[in-house]
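Throughout, read-outs are computed from the coordinates displayed, never taken from laboratory work. These figures come from a predicted structure and were not determined experimentally. Positions of Cβ are backbone-derived with ideal geometry, glycine not excepted, and every protein chain shown enters the neighbour counts.
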Amino acid sequence: MKKLILCCLMLLGSALLHAQDRQAILKVMQKQELDWNRGDIDSFMQSYWKSDSLLFIGKAAPLYGWQATIERYKKAYPDKAAMGQLKFTILQVKVFDPSNAFVMGAWQLKRAKDAPGGYYTLWFKKIKGEWKIVCDHTS
C-alpha cells in the first residue's frame, strides 16, 4: 500500500511540474507575439537559443545559428508594416521531460495588403532554467 501511495504521489508531482513547464512555454509564446506586434525583432529573438546550433527551417532551406536567424528575420521584415500583427494559435504543447518540449501551432499575420499564415513546430529545451526554442520549423 505504501508503494502505491508513493507511486501516486510521484505521478502527481510529475504532472504538476509538467503543468508548470507548459505554462512557462505558453508565456514564452505570448511574449513572442507581443514583441512581434510591437515591431521588436530583437526582443522576439530572446526566446531563441543564442547559439550557432539553433536550427530554423523555413520555406527556402535550413538555417543554422541565432545570428543568421535574426538577420533573416530583419531582412524579411524590415519594418513594422512588413511585420504586421501576429496571432499564434497553439494547437499542442507536449512536455516530454524536465528539459524538452514540443509545440505545434498556426501563425497568422494581418498586414495592410495581405494576411499570410501557416504552421510551425518548435522544439523547446530548458537551458539554464529558461525555456528556449532550439529548433523552429515554420511554413
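The table that follows gives values for the structure above.
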{"read-out": "Gain in span if fully extended, residue 110 to residue 92, counting 0.36 nm per residue against the direct Cα distance", "value": "4.2 nm"}
{"read-out": "Relative contact order (%) - the chain, alpha-carbon pairs under 8 angstrom, separation at least six", "value": "21 percent"}
{"read-out": "Efficiency of FRET between residue 81 and residue 43 - r from beta-carbon atoms, R0 25 angstrom, step 0.05", "value": "0.85"}
{"read-out": "Cβ-Cβ FRET estimate between residue 19 and residue 60, R0 fixed at 30 Å, reported to 0.05", "value": "0.20"}
{"read-out": "Cα radius of gyration and Dmax for the range 2-138 (Å)", "value": "17.0, 65"}
{"read-out": "Nearest 10 degrees, 0 to 90: helix 66-76 Cα axis against the chain principal axis", "value": "40 degrees"}
{"read-out": "Inter-probe distance in nm under a simple model that places probes 7 Å from Cα toward Cβ, at residue 51 and residue 71", "value": "2.1 nm"}
{"read-out": "Residue-averaged [θ]222 nm for the chain, counting only DSSP H segments that reach four residues, each worth -39500 (n - 2.57)", "value": "-12500 deg cm²/dmol"}
{"read-out": "Simple Cβ-charge dipole of the range 2-138, Lys/Arg +1 and Asp/Glu -1, about Cα centre, in debye nearest 20", "value": "240 debye"}
